[in-house]
Amino acid sequence: GVVGMRDLIRSFLNFMKSSPQGIELRPVNIRNVLSNTLNALHEDIVETDAEITLPIDEIYVRGEAKLLEQVFQNLISNAIKYRSPETKPKIDISVKPFKQYWSILVRENGIGIDKRAA
């Protein structure tokens, strides 16, 4: 799962670099992206009683909303799926300034990555 997510993010970044004319980068509200993502995952979130913490501030990044939603959907759904069965998923999404950019952090209490796979 982690390798697949890493490949998805690398593909996304390569796509953004290689074909800027194929996608229009616009200001995207991260809270709206996360709201749409949580709506898409609503059943899984309710079923597992997942606890998800979101950023408080309205943060805008340059990007494409649907692609960002896909990345967040994969991250959150993996956090829900790859956990101990007796553990309630806890996912914390935060945004911090980093130079002239934003750093988006996703922390979760899943089973982690086997050191042999990293």
With DNA, RNA and ligands ignored, accessible area of Arg31 (1.4 Å probe; Å², nearest 10):
80
Could you order Leu25, Leu68 so the one with the most accessible surface comes first? Probe is 1.4 Å.
Leu25, Leu68
Search the structure for amide H atoms under 5 Å from the amide H of Ile59, placed 1.01 Å from N in the peptide plane, and list their residues when 5 or more places away or on another chain.
Ile30, Arg31
Only residues of the range 48-91 count here: report those whose backbone N is under 15 Å from the spot 7 Å along Cα→Cβ of Leu105, or say none.
53-57, 91
Solvent-accessible area per residue, Å², over the range 32-118 with all protein chains present [probe radius 1.4 Å]
69
How large is ³J(HN,Hα) for each residue in the range 94-102, as worked out from phi by the Karplus curve 6.51 cos²θ - 1.76 cosθ + 1.60 (θ = phi - 60°), to whole Hz, x for Gly and Pro?
9, 10, 9, x, 9, 6, 9, 10, 10
What nm value, rounded to one decimal, do you get for the distance between Ile59 and Val46 when each label is placed 7 Å out toward the C-beta?
2.9
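The values are calculated or read from the model by the stated rules, or taken from the named source; none is laboratory data. Owing to the predicted nature of the structure, the values given are computational and were not obtained by experimental measurement. Don't worry about glycine lacking a Cβ; one is built from the backbone with ideal geometry, like all the others, and counts go over all protein chains shown. Note: accessible area is taken over every heavy atom of the protein model, side chains too, but ligands, DNA and RNA are not part of it. Shrake-Rupley method; radii C 1.70, N 1.55, O 1.52, S 1.80 Å.
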